[in-house]
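**Student:** Dumping the structure here so I can ask a few things about it.
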Ligand code: HEC
């Protein structure tokens, strides 16, 4: 116990899976004097700090997707979209799409649906939150748009593909 050199919370969290070790951990020397602090409340503190740590890790993992994994997810888009160049295919190019107003790629103006153009005119900008909603349910986010794609069901895939688009991939 004395040579715990690793990062405290992670170590504590791993140890916590063994109830016997946890009991010992919860009564280290420093707590011996602590008649003020009941084992219950120490336990509560240990458990809640571990779960806050897990929650924070989960949220962080979500907020920052992985562009390398996203490049792989983009294989599902690539028949209709270029992201590394400004070449349009069946769909508009997605170079620099993060932060772009919906329906506004100049080279594609003659091809967007009315639905997509009016969403943009109504103020829809492809920030990360809007992209995530669109990629999850394209037909709900912009009813009547003509992207023939059912949507990505996995939240990690969505975060990763957005990270890839955001990284402004080069060929
Ligand atoms: C079957 C072809 C197809 C596939 C697959 C497809 N899209 Fe699209 N996408 C389109 C078309 C067409 C549009 C234009 C929609 C409109 O004008 O209504 C579009 C529009 C978009 C837009 C809005 C662009 C803008 O300029 O407003 C984004 C963002 C987008 N697609 C991302 C993706 C991503 C990411 C994937 C893969 C996960 C994907 N699409 C898969 C055809 C496709």
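**Student:** Take residue 167, project a point 7 Å from its Cα along the Cβ direction, then tell me which residues of region 76-96 have their backbone nitrogen under 19 Å from it.
**Tutor:** Taking a point 7 Å out along Cα→Cβ of residue 167, the residues of region 76-96 whose backbone N falls under 19 Å are 76-79, 81-86, 94-96.
**Student:** Listing 94, 69 from the residue with the fewest other Cβ atoms within 10 Å to the one with the most, what is the order?
**Tutor:** Arranged by neighbour count, lowest to highest, 94, 69 become 69, 94.
**Student:** Taking the beta-carbon count within 10 Å as an exposure proxy, list 164, 112 from fewest neighbours to most.
**Tutor:** Details: 164 25, 112 20.
Fewest to most other Cβ atoms nearby, the residues stand as 112, 164.
**Student:** Please state the shape class of region 75-171: rounded when a/c is under 1.5, otherwise prolate if a/b exceeds b/c and oblate if not, all from the C-alpha gyration tensor. It would help to have the intermediate numbers written out before the result.
**Tutor:** Values: a/c = 1.41, a/b = 1.10, b/c = 1.28.
In terms of gyration-tensor shape, rounded.
The numbers here are math on the coordinates, done by the rules we state, and not lab data. In this text, all values refer to a predicted model and were calculated from it rather than measured experimentally. No Cβ is skipped: glycine too gets one built from the backbone with ideal geometry, and neighbour counts run over all protein chains shown.
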